[in-house]
Amino acid sequence: MNDQEQREFDKNLENLRLELRRGTLVLGVLSRLQRPQYGYSLVEELGARGIAAEAGTLYPLLRRLEAQQLLESVWETSGPKPRKYYVLTAQGKVMLGLLTAEWQEITKNMIGLLREE
Amino acid sequence: MEQKQLDMMERYIHEVVKRLPVAQREDVSLELRGLIEEMTKDGPEPSDALRGVLLELGNPADLADRYRGEQRHLIGSRFYDLYLLILKIVAFAVGIGMLISMGIGFAIDPPASFAVALGKVIGSLFSAFAQAFAWITVTFAIMERCQSFRKATQEEFVWNPDDLPEVPRQSALIPRSSPIASLVFLVLFFAVINSLPWFIRIANLDPSVLVLNPLVPAVFRRVLWLINLTIVIDMCIEFVRLYYGVHTKPLALISISLKAVSLGITLYIILGTGIWNPDFAYQIGQLAQKEFGAGTTVGKIWSAVPTILAVLSVVGYGAESVGSIWKAWNLQLPKR
């Protein structure tokens with residue numbers, strides 16, 4: 001591969017990786033919000049567990065999930081600076097259960113596929 | 001954070017939230033302020049950290065896009081090709097139409113110098129192109145909005161393979177050249193008819209020129225907007241034909257009903273407005289008498305012109321309607 005092709009390849013790799021991760025991020029977020037957390041603590045926790053999530057992606061995602069009534073939020077103003085805490089709603093809990101089952105099914109099948117050569 | 005950093009942070013937040021709906025702005029501002037403060041705290045050098053944090057969050061416009069969660073565009077991919085095609089057709093026709101009408105204008109009333117003429121041509125072309133561009137863009141933007149509105153409201157609509165239309169026979173396809181030619185003609189007609197009052201005014205300035213005007217100028221100016229309306233309706237029909245690209249029943253019904261409106265207006269203009277100059281018959285009779293000695297015949301023919309035009313319009317409309325109905329109902333049958 002020459003330089004040009006290498007750059008093209010790297011760009012494709014980056015896009016495909018992003019695409020692959022994008023779907024899993026929602027599940028990761030839902031799984032961490034069984035107890036209330038604010039945005040940045042979520043970024044840190046996911047990061048510490050090897051799930052890289054950019055704040056610029058995660059914050060809008062949290063709002064979207066709230067609009068879909070999977071999360072609810074409350075502003076915590078008693079601390080030195082106000083923080084918005086998110087937590088799963090009843091609907092969100094059901095969704096988490098269903099998506100978890102889906103994820104297990106996918107991983108099981110994918111592992112099978114990838115193992116076969 | 002120092003004041004300078006605070007300023008930069010506020011500027012960043014403002015750049016994000018100004019692109020969001022008003023109701024969300026305060027909430028997002030608070031959230032982002034908390035986030036940025038938290039992120040800068042972790043950095044090694046607080047004074048330098050903010051820059052890094054903002055770079056990590058990225059371009060404010062992109063961040064706002066993520067918050068909105070939707071692509072914002074005026075004209076989407078569904079209409080974009082058609083939009084470009086129409087722009088090209090109209091630009092071409094407007095250009096030619098303007099040049100012709102200005103050419104006639106210059107012939108009647110020669111400009112003071114070449115520079116003046118050139119200035120007029122450039123100025124008029126520029127404003128005509130700008131207008132055409134604006135109107136086409138607005139029309140397509142409205143089409144796009146209607147499309148997304150339909151998508152949003154018809155979420156329950158289930159697409160069914162049984163609804164797929166038959167592949168049209170070759171003979172049912174409308175060749176693109178047909179609506180394009182009509183559009184070019186309509187734009188030319190539009191340009192010429194709208195510069196008529198101007199020609200007449202200029203021609204009247206010169207007493208040595210005998211102006212025989214079959215129309216009453218005052219009435220013509222009053223109904224000019226109606227004439228333009230029929231041109232616009234006819235253009236809409238051609239756009240729709242270009243968009244469908246094949247004779248179908250809905251297309252036939254749309255064009256027949258739109259044409260009925262345009263026919264109604266045309267008949268009103270021809271028969272109901274007193275637009276025809278009653279003296280014209282006399283003037284032309286005089287002229288004909290002088291030239292060929294057949295004045296009264298010409299006068300009589302002239303008085304029948306409105307009726308003839310009206311009959312021709314109705315007959316034309318009838319023939320076209322029958323034609324498009326026949327095509328829609330017969331040509332669409334699949335080839336078996």
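For the condition at the interface with chain B (Cβ under 9 Å from one of its Cβ atoms), open to solvent by less than 80 Å² (accessible area, probe 1.4 Å) and in a helix (DSSP H, G or I), A:Thr57 qualifies. Only one entry in B:Val138, B:Val121, B:Val53 is on the phi < 0 side of the Ramachandran plot, part of a helix (DSSP H, G or I) and open to solvent by 70 Å² or more (accessible area, probe 1.4 Å), namely B:Val138. Quick check: is even one residue across the range B:40-60 at pLDDT below 85, within 10 Å of chain A (Cβ to nearest Cβ) and out of contact with any Lys or Arg (no Cβ under 9 Å at 6 or more places or on another chain)? The answer is yes, given that some residue of the range B:40-60 is at pLDDT below 85, within 10 Å of chain A (Cβ to nearest Cβ) and out of contact with any Lys or Arg (no Cβ under 9 Å at 6 or more places or on another chain).
When the range A:1-39 is filtered for residues that are of a type in the set (A, V, I, L, M) and either assigned to a helix (DSSP H, G or I) or more than 14 Å from the chain's Cα centre (by Cα) (or both), the ones remaining, listed by number, are A:Met1, A:Leu13, A:Leu16, A:Leu18, A:Leu20, A:Leu25, A:Val26, A:Leu27, A:Val29, A:Leu30. All conditions in (1) in contact with a strand residue (DSSP E or B) (Cβ under 6 Å, 6 or more places away or on another chain); (2) open to solvent by less than 30 Å² (accessible area, probe 1.4 Å); (3) at pLDDT below 90 hold for A:Leu62, with the sole exception of (3). How many of the residues making up the range A:38-54 are in contact with a strand residue (DSSP E or B) (Cβ under 9 Å, 6 or more places away or on another chain) and either of a type in the set (Val, Ile, Thr) or within 9 Å of chain B (Cβ to nearest Cβ) (or both)? Here the count works out to 4.
Conditions tested, residue by residue: (1) open to solvent by 60 Å² or more (accessible area, probe 1.4 Å); (2) touching a strand residue (DSSP E or B) at 6+ places or on another chain (Cβ under 6 Å); (3) closer than 16 Å to B:Leu263 by Cβ; (4) modelled with pLDDT of 70 or more.
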position: B:Ala288; (1), (2), (3), (4): no, no, no, yes
position: B:Val298; (1), (2), (3), (4): no, no, no, no
position: B:Thr307; (1), (2), (3), (4): yes, no, yes, yes
position: B:Gly323; (1), (2), (3), (4): no, no, yes, yes
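Counting residues in the range B:109-118 that are touching a Leu at 6+ places or on another chain (Cβ under 8 Å), away from chain A (no Cβ under 11 Å) and farther than 30 Å from A:Tyr59 by Cα gives one or more. Flag set for A:Val74, criterion: more than 9 Å from chain B (Cβ to nearest Cβ) and in a strand (DSSP E or B).
Looking only at the range A:78-96, filter to residues that are at pLDDT below 95 and open to solvent by 20 Å² or more (accessible area, probe 1.4 Å); which one of those is nearest to the chain's Cα centre (by Cα)? By that ranking, first place goes to A:Tyr85. In the range B:19-32 there is no residue matching the filter, namely being touching a residue at least 12 places away in the same chain (Cβ under 8 Å), part of a helix (DSSP H, G or I), open to solvent by 50 Å² or more (accessible area, probe 1.4 Å) and over 19 Å from B:Asp65 (Cβ atoms).
The single condition from (1) open to solvent by less than 20 Å² (accessible area, probe 1.4 Å); (2) under 28 Å from A:Pro60 (Cα atoms); (3) touching an Asp or Glu at 6+ places or on another chain (Cβ under 8 Å) that B:His73 fails is (1). Within the option set A:Glu116, A:Glu102, being surrounded by fewer than 18 Cβ atoms within 10 Å (Cβ to Cβ), within 18 Å of A:Arg22 (Cα to Cα) and among the acidic types (Asp, Glu) holds for one residue only, A:Glu102. Within the range B:68-84, one or more residues are in a helix (DSSP H, G or I), within 14 Å of another protein chain (Cβ to nearest Cβ) and either touching a Leu at 6+ places or on another chain (Cβ under 6 Å) or at pLDDT 80 or above (or both).
The values are calculated or read from the model by the stated rules, or taken from the named source; none is laboratory data. All figures in this text were calculated on a predicted structure; none of them were measured in a lab. We place every Cβ from the backbone using ideal geometry, glycine too, and count neighbours over all the protein chains shown. SASA here: full protein model, heavy atoms, side chains in, ligands and nucleic acids out. Shrake-Rupley method; radii C 1.70, N 1.55, O 1.52, S 1.80 Å.
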